[in-house]
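To keep things clear, I will list the structure first and then write my remarks on it.
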Amino acid sequence: MSSWHSWTTMLTDMFEEYFEASNIEEEGEFMPLFSIDEEEEEPKDGADMPEVLPLLALKNTVLFPGIIIPITVGRAKSLSAIQAAYDNNRLIGVVSQRDSKIENPEVEDLFKVGTVARILKLLKLPDGSATAILQGRSRFELVKFTKTDPYLEAGIQILKEVAPTDNMEFEALISTVKDRAKNIIELSPNIPSEAVVMLKNINKDPFLLNFISSNLGIKVEAKQKVLEVNALSKKARIILDHMDHELQMLQLKDQIENKVRGDIEKQQRDYFLNQQLKTIQEELGQNTQEQEINVLAKRAKKKGWPEEVDKLFNRELKKIRRINPQVAEYSVQLNYLELLLDLPWTEVTKDNFDLKKVAKVLNRDHFGLEKVKTRIIEHLAVLKLKGDMKAPIVCLVGPPGVGKTSLGKSIATALRRKFIRMSLGGLHDESEIRGHRRTYIGAMPGRIIQSLRKAGSANPVFILDEIDKVGNNFRGDPSSALLEVLDPEQNGTFHDNYLEVEYDLSKVLFIATANSLSSIQPALLDRMEIIEIGGYSLEEKVEICKRHLIPRQRKEHGLKASMVSIKAPIIAEVIKNYTRESGVRGLNRQMAGIMRYFAKMVAMDEPYSPTLKIPQLGEILGPKKFTADYYQEAQIPGVAVGLAWTRVGGDILFIEASLSKGKGKLTLTGNLGDVMKESASTALSYLKANGESLGINLDDFEKYDIHIHVPEGAIPKDGPSAGVTMLTALASIFNKRPVKSHLAMTGEITLRGKVLPVGGIKEKILAAKRAGIKEIILCQDNQRHVDEIEKEYLKDLEIHYVSRMSEVLNLAVGF
């Protein structure tokens, strides 16, 4: 290693050039550029060190013994201190500030342990500041401050290093420190590789630790704690912990940089290859991008779309010509242009105006549903005469399984139009209807535009299935978006967020389906033409099964007509004993079970009779699931039969009343809703007000508690239609007279004694007939609903129309 004098001369000359070319902040943090082993210069016992030294406060760095750093001095006290030291023995005490933001540090703002430094060079600058090159010598501890003005001065005590007690362990620590330092140097881009050689040339362990501590990228507080440690073993462990953390950070950073570098290199490689491919294609006259764009332009010339769309397309086409094909935006723009071209702006299918054939197709595919069929024929008749008409928005409302959805496909077939079905059940995002804006990644048009693109026709039959089950949450309200779609006055200018241009939906025949109108938004309900589809009677179900279900199931199970024969009485038996529904889905499942039985017989070559017999039903379908006898048994006082409407059709409802000793308390059980509870209170109030005329002892209302129960408590029940039934049950229990057998009723009641009309009449009448009811009591105003039901479905039923509650009690209990 060079002598101390040669080192000093070389360093001072270099720093002079460095500071002349640099503008360095006052007492800033500087990385040690060089270090030397000052073994010959450092005193062994501190005997030649002055007891009192001027102090220099450093803002954001710590000076270690043996380390050379350059600093710029600008503060008045610092300039005075360094000048006094330079004029005397060139020794100065260097301490670090606790807070680097303090401009004029006091005694309490300085750490107690610092480093005695030798001023190797002092350069005065034109702006009044000075630059000094300091070399750390020995650690010291502040004993007592002797002066605070014009500069800080204090008495010091030299601190000695404590040698390790276990030399072998210490040597292992030093070796590990060197290895960590080597790894850090290799991973750090800011440290030159020559630093490894410098580390190897350091022979003294204390100086090695000081050199590494000075170069660690840790905070001033952490460096200060290392400086204050006397024991070399403890100092080595602290330094090793900091080095491990720094090495981990460098390794993680290196992994990230390698990954990024690899991605960039791949992108550059792909770009280079693509440019080469593009050049080759241009040489061969095979520019793929240009050919692709030219194909789009040719297709656009053949499109008969509105002028506004044509301008939009040409503008977007010019934009895509300027986009690099490798940019992600190119594919987004290309997809948008292809959507514009694929959409049927003016392409329509020719309607079938042979109305008799249309009626024939509709009757062939569906039995009943006369209202819907008539409405479709009327629409076609106007189209035939006028040539153009906005399509109606029809909403088919009815219980599950009555053929609402399949009717849409049948209408499309009859009209020779394309068929689209869009399920709205559980839809909760408005963008499913209107689409996303193209600014979003992965943006798509709404499902309506997507469906029309697939259909390739601007006048399809579009089924909006389960419109009553549309959701509504923070993503938006899809039912509000449907307002524009289903309004004939607005859907001619439907706006899709992705399409960004108006699209005409007025030619589309929208048919919505729903099980209930109660959950549909009123504004949306107002825009649709409601056609209610009631449940099927026994006779209708038998015909549907013979014409549609049996042939379909026979075909699906690979059977021929000669292999299985199911007569009408057998079908009726299956309907009565194995199904209870308004539609025919359950019946279809039972027919599938029968077909599987015959398919097994045929496949296994077992002897069997192709004609199904009633006794075989128990073997094939199991024991009977439902029975009508249950509803025909004689009733005890306090039990009346009501008629209810449910989402799966109609049903009969038993209402039971009982009396027990008490004080007239009314108890209602059976999972009843508020409206149904109010009906019970109204019925009881009517009986109390008219008890004398009805032959009821008025004292009984005070002596007995009344309990009204509706069986099947797990099923929620609500609505006003059970009012007359509750009234009859209460009158029966108070007079100890049983209600007339085979009698059911439905109707709302008032305190004035009037009976009001209710809905779901067809479903309720069919339910009563299935249950074996012979007589039904209805409100006089419901007669118009009964008149709409075909006469054969009312066979064996006697219907009594009433307007007063007294008439109900006269018919049911005999008052």
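In this structure, does Phe170 turn out to be in contact (Cβ under 8 Å) with a residue 40 or more places away in the chain, assigned to a helix (DSSP H, G or I) and touching a strand residue (DSSP E or B) at 6+ places or on another chain (Cβ under 9 Å)?
When the stated conditions are applied, Phe170 does not pass them.
Count, please, the residues in segment 386-400 that happen to be open to solvent by 10 Å² or more (accessible area, probe 1.4 Å), modelled with pLDDT of 80 or more and either in contact with a helix residue (DSSP H, G or I) (Cβ under 7 Å, 6 or more places away or on another chain) or part of a helix (DSSP H, G or I) (or both).
1
Between Val739, Val755, which is at pLDDT 90 or above and touching a strand residue (DSSP E or B) at 6+ places or on another chain (Cβ under 9 Å)?
Going through Val739, Val755 in turn, the sole match is Val755.
When both residues are 6+ apart or on different chains and their Cβ atoms are under 6 Å apart, which pairs have a first residue that lies in segment 450-467 and is touching a residue at least 12 places away in the same chain (Cβ under 8 Å), and a second that is open to solvent by less than 10 Å² (accessible area, probe 1.4 Å) and of a type in the set (Ser, Thr, Tyr)?
Close Cβ pairs (under 6 Å, with a partner that is open to solvent by less than 10 Å² (accessible area, probe 1.4 Å) and of a type in the set (Ser, Thr, Tyr)) amount to Asp465/Thr513.
Select from segment 343-369 the residues that are part of a helix (DSSP H, G or I) and either modelled with pLDDT under 80 or in contact with a Ser or Thr (Cβ under 7 Å, 6 or more places away or on another chain) (or both) and list them in ascending order.
Val361, Leu362, Asp365 - these are the residues of segment 343-369 that are part of a helix (DSSP H, G or I) and either modelled with pLDDT under 80 or in contact with a Ser or Thr (Cβ under 7 Å, 6 or more places away or on another chain) (or both).
Tell me which residues, restricted to segment 477-515, are open to solvent by less than 30 Å² (accessible area, probe 1.4 Å), farther than 19 Å from Leu339 by Cα and either assigned to a strand (DSSP E or B) or polar (S, T, N, Q) (or both).
Ser479, Asn491, Ser506, Leu509, Phe510, Ile511, Ala512, Thr513, Ala514, Asn515
Applying the selection to segment 84-96, what residues are polar (S, T, N, Q) and surrounded by fewer than 19 Cβ atoms within 10 Å (Cβ to Cβ)?
The answer is Asn88, Asn89.
Answer with yes or no whether Leu794 is surrounded by fewer than 24 Cβ atoms within 10 Å (Cβ to Cβ) and at pLDDT below 85.
Answer is yes for this residue.
Select, from Ala514, Ala455, the only residue that is modelled with pLDDT of 85 or more and closer than 17 Å to Thr346 by Cβ.
Ala455
Give me the residue from segment 559-570 that is assigned to a helix (DSSP H, G or I) and in contact with a helix residue (DSSP H, G or I) (Cβ under 8 Å, 6 or more places away or on another chain) and, out of that set, surrounded by the most Cβ atoms within 10 Å (Cβ to Cβ).
So the residue we want is Ile570.
Identify, please: which residue in segment 193-251 is over 48 Å from the mean Cα position of the chain (by Cα) and not in a helix (DSSP H, G or I) and is, among those, surrounded by the most Cβ atoms within 10 Å (Cβ to Cβ)?
The extreme case among them is Val229.
Here is a yes/no grid of residues against (1) of a type in the set (Lys, Arg); (2) in a strand (DSSP E or B):
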residue	(1), (2)
Ile733	no, no
Arg737	yes, no
Ala744	no, yes
Val755	no, yes
Gly759	no, no
Ile765	no, no
Ile773	no, no
Arg784	yes, no
Tyr793	no, no
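Determine which member of the set Arg139, Arg118 is touching a strand residue (DSSP E or B) at 6+ places or on another chain (Cβ under 7 Å), open to solvent by less than 20 Å² (accessible area, probe 1.4 Å) and of a type in the set (D, E, K, R).
Sole residue among the options that is touching a strand residue (DSSP E or B) at 6+ places or on another chain (Cβ under 7 Å), open to solvent by less than 20 Å² (accessible area, probe 1.4 Å) and of a type in the set (D, E, K, R): Arg139.
Please go through segment 401-413 and pick out each residue that is more than 10 Å from Ile533 (Cβ to Cβ) and part of a helix (DSSP H, G or I).
Scanning segment 401-413 gives Thr405, Ser406, Gly408, Lys409, Ser410, Ile411, Ala412, Thr413.
Does Leu380 satisfy the condition of being farther than 21 Å from Gly535 by Cα, free of Cβ contacts under 8 Å to residues at least 40 places away in the same chain and in contact with a Leu (Cβ under 7 Å, 6 or more places away or on another chain)?
yes
Residues Leu672, Leu668, Leu730: which one is out of contact with any Ser or Thr (no Cβ under 7 Å at 6 or more places or on another chain), within 22 Å of Asn810 (Cβ to Cβ) and in contact (Cβ under 8 Å) with a residue 40 or more places away in the chain?
Of the residues listed, the single one that is out of contact with any Ser or Thr (no Cβ under 7 Å at 6 or more places or on another chain), within 22 Å of Asn810 (Cβ to Cβ) and in contact (Cβ under 8 Å) with a residue 40 or more places away in the chain is Leu730.
Go through the residues of segment 542-558 one by one and say whether even a single one is small (Gly, Ala, Ser) and either touching a Pro at 6+ places or on another chain (Cβ under 8 Å) or in a helix (DSSP H, G or I) (or both).
For segment 542-558, residues small (Gly, Ala, Ser) and either touching a Pro at 6+ places or on another chain (Cβ under 8 Å) or in a helix (DSSP H, G or I) (or both): absent.
Filter segment 121-136 down to residues that are charged (D, E, K, R) and touching a strand residue (DSSP E or B) at 6+ places or on another chain (Cβ under 7 Å) and give me whichever is modelled with the lowest pLDDT.
Per the stated criteria, the residue is Lys124.
The values are calculated or read from the model by the stated rules, or taken from the named source; none is laboratory data. Here the structure is a predicted model, which is why all the values come from computation and not from measurement. Note that we place each Cβ from the backbone using ideal geometry, even for glycine, and neighbour counts take in every protein chain shown. Keep in mind that these areas ignore ligands, DNA and RNA; they rest on the heavy atoms of the full protein, side chains included. Shrake-Rupley method; radii C 1.70, N 1.55, O 1.52, S 1.80 Å.
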